[in-house]
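Here the structure comes first, spelled out in C-alpha cells, and everything after it is commentary.
Coordinate-derived values only; no laboratory data. Only a predicted model underlies this, so the values are computations on that prediction, with no experimental measurement involved. Counting neighbours? That spans all protein chains shown, and the Cβs are built from the backbone with ideal geometry, glycine included.
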Amino acid sequence: MFVRLVYESFRRQKRRKLLAGAAITLGVTVATAMIAVATDIGDKINRELRTFGANLLVTPEDDSLDVEMGGINLKPSSEGGFLDEADLPKIKGIFWHNNITGISPVLSVNATVESGGQTQDVTVLGTYFRKQLSFGKQSFTAGVRTTHPWWRVSGSWPDEGERSREVLLGERLAAKLGIRRGSDLTLARRPVRVTGILSTGTSEDDQVVAPLALAQDIVGKPGAVRRIYVSALTKPEDAFARRDPKSLSGAMYDRWYCSPYPQSIAYQLQEAIPHSHAEQIRQVAQNEGAILTRIEGLIFLITLAALLASALAVSAAMATTMFERRAEVGLMKSLGAGRAAVASIFFAEASLLAIVGGLVGFAAGGALAHQIGRSIFDSQITVQPVLLPVIVMIAVIVTFAGSAAAIRRAVDMDPVFALRGEL
C-alpha cells in the first residue's frame with residue numbers, strides 16, 4: 001500500500017513532480033560544477049598567476065645578515081656573496097619538487113659597451129633563457145622564458161652555449177645607442193652579436209641580457225650566481241603558515257613542512273642550496289593568495305545561492321502539492337494514519353525526487369564543469385566519482401529542507417477541516 005501511494009502520487013502529479021525535480025536538478029548541477037571547479041581550481045589559477053612571475057627568491061646567506069654597531073651598518077660595500085650554479089638542480093630534489101614550475105639564475109655585472117665610436121657603461125644581466133638541466137633521472141627546463149613570461153623579444157633569443165656571444169639589448173638602451181637586432185658591438189672587450197631587442201617595461205630595458213656563462217666570464221667568477229628566481233605552485237598562507245618552524249615539533253612540524261606554503265617551500269630551498277637565504281616575493285605571493293581566497297569565496301556564494309533557490313522552488317512546489325492533496329491527507333488521518341505514517345509518505349516522495357535529481361544534476365554538473373574548464377582555463381576539469389554520494393546527499397538535504405514546512409503543515413492538519421476542503 002505504501003509503495004502504491006507513492007507511485008500514484010508521481011503518476012497523478014507529473015507536472016508538480018517534474019517542476020520540483022527540475023528545481024533540484026538545476027541546483028545540484030550548479031553545486032556539482034562549482035565543487036568540481038573549487039577542488040581543481042587551486043593549481044589551475046596558480047598556473048595562470050605564474051604569468052605574474054616568480055614568487056620565491058633565493059639569495060646568498062651573507063646578503064641577509066645585518067652587521068651593525070652603534071647604529072652604523074658595518075657590512076662591506078662589496079658585491080656580496082655568490083651561490084653556486086652547480087647547486088641549481090638540487091631544487092628539484094626538495095619535497096615539493098613537483099610544484100616548482102620555473103627556475104632562473106641571475107648574475108648582474110657592470111661592463112662597458114662600445115658601438116660606432118660610442119662608449120656606454122651598462123649593467124649586464126646574465127641568466128638562462130631556456131636551458132635543460134637534470135637531477136637524477138629527471139630532466140627539466142630552467143630560464144627566464146618560464147619565470148619571466150612577460151618579456152617580449154623582437155628578434156630571436158640568444159644561444160645558450162657556454163661560448164655563446166649572443167645577447168639581448170633592452171629597448172631603451174638600444175634606442176640610446178642606435179643599435180638594431182643583428183648588430184655587432186663590443187661588450188667588456190668581447191665581440192658580441194645582438195640577436196634581439198628586449199622589452200619588459202622594467203629596468204631590463206636599460207640593460208644587456210646575456211647568457212649566464214658570458215656574465216660569469218666578464219666578472220671572472222665561473223659558476224657564480226647572485227640570485228635565483230623560483231616559480232612555485234603554493235597555497236595561500238594562513239596563521240599556521242606564518243609559524244616559525246623552529247618552534248614546532250613532531251606532527252605539527254611535519255604538517256607545516258609538508259604543506260605547500262610559500263614559507264615551507266622557501267625553507268626547503270634553503271636546505272637544498274648551501275649558504276642560501278630564501279623568501280617569498282610578497283607582492284606576488286600574497287596577492288595570489290588574496291585572489292585565490294576571493295575566488296573560492298565567490299564559488300561558495302554561487303553554490304549556496306543555487307541550493308537556496310532550489311530549496312525555495314521545492315518548498316513552493318510542495319506547498320502547492322499539499323494544498324491540492326489536503327483531502328487525501330484528511331482521509332488517511334481519519335482512517336487512523338498517524339503523523340509518522342503521513343510524513344513518511346511525503347518524505348519518501350521527496351527522497352525519490354532528490355535521488356533522481358541528484359543523479360541527473362551530477363551528470364549535468366560534470367558537463368558544465370568540463371565546459372568551464374575548457375572556456376576559462378583551457379584545460380579539463382574532471383568530476384571525481386567519489387563526489388557522487390556527496391552530491392546525492394546534498395540533494396536530499398536541500399529537498400528535505402524545502403519540503404519540511406509543507407510536510408509539517410500536512411501532518412498537523414485537522415482531518416475534519418481537510419475533508420471539508422478547509423485549512
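One table, with the values for the structure above:
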quantity: Distant-in-sequence amide H partners of Ile281 (H built 1.01 Å from N, under 5 Å); calculated: Leu56, Leu57
quantity: Footprinting exposure proxy for Asp63, Asp205, Asp244 (fewest neighbouring C-beta atoms within 10 Å first); calculated: Asp244, Asp63, Asp205
quantity: Relative contact order (%) - criterion: Cα under 8 Å, at least six apart; region: region 55-280; calculated: 30 percent
quantity: Antiparallel %, DSSP beta bridges [both residues in region 133-244], to 5; calculated: 70 percent
quantity: Relative packing of peptides 388-400, 106-118, 349-361 - highest average C-beta neighbours within 10 Å first; calculated: 349-361, 388-400, 106-118
quantity: Residues with amide H under 5 Å from that of Ser108, placed H, sequence gap 5 or more; calculated: Gly126, Arg226
quantity: Charge sum, other residues only, whose C-beta stays under 10 Å from Glu204's C-beta, Lys/Arg counted +1 and Asp/Glu -1; calculated: -2
quantity: Placed amide H near Thr101: partners under 5 Å, 5+ positions off or other chain; calculated: Ser231, Ala232, Leu233
quantity: Protection proxy ranking, peptides 91-102, 28-39, average beta carbon neighbours within 10 Å, highest first; calculated: 28-39, 91-102
quantity: Prolate/oblate/rounded label for region 55-280 (Cα gyration tensor, a/c 1.5); calculated: prolate
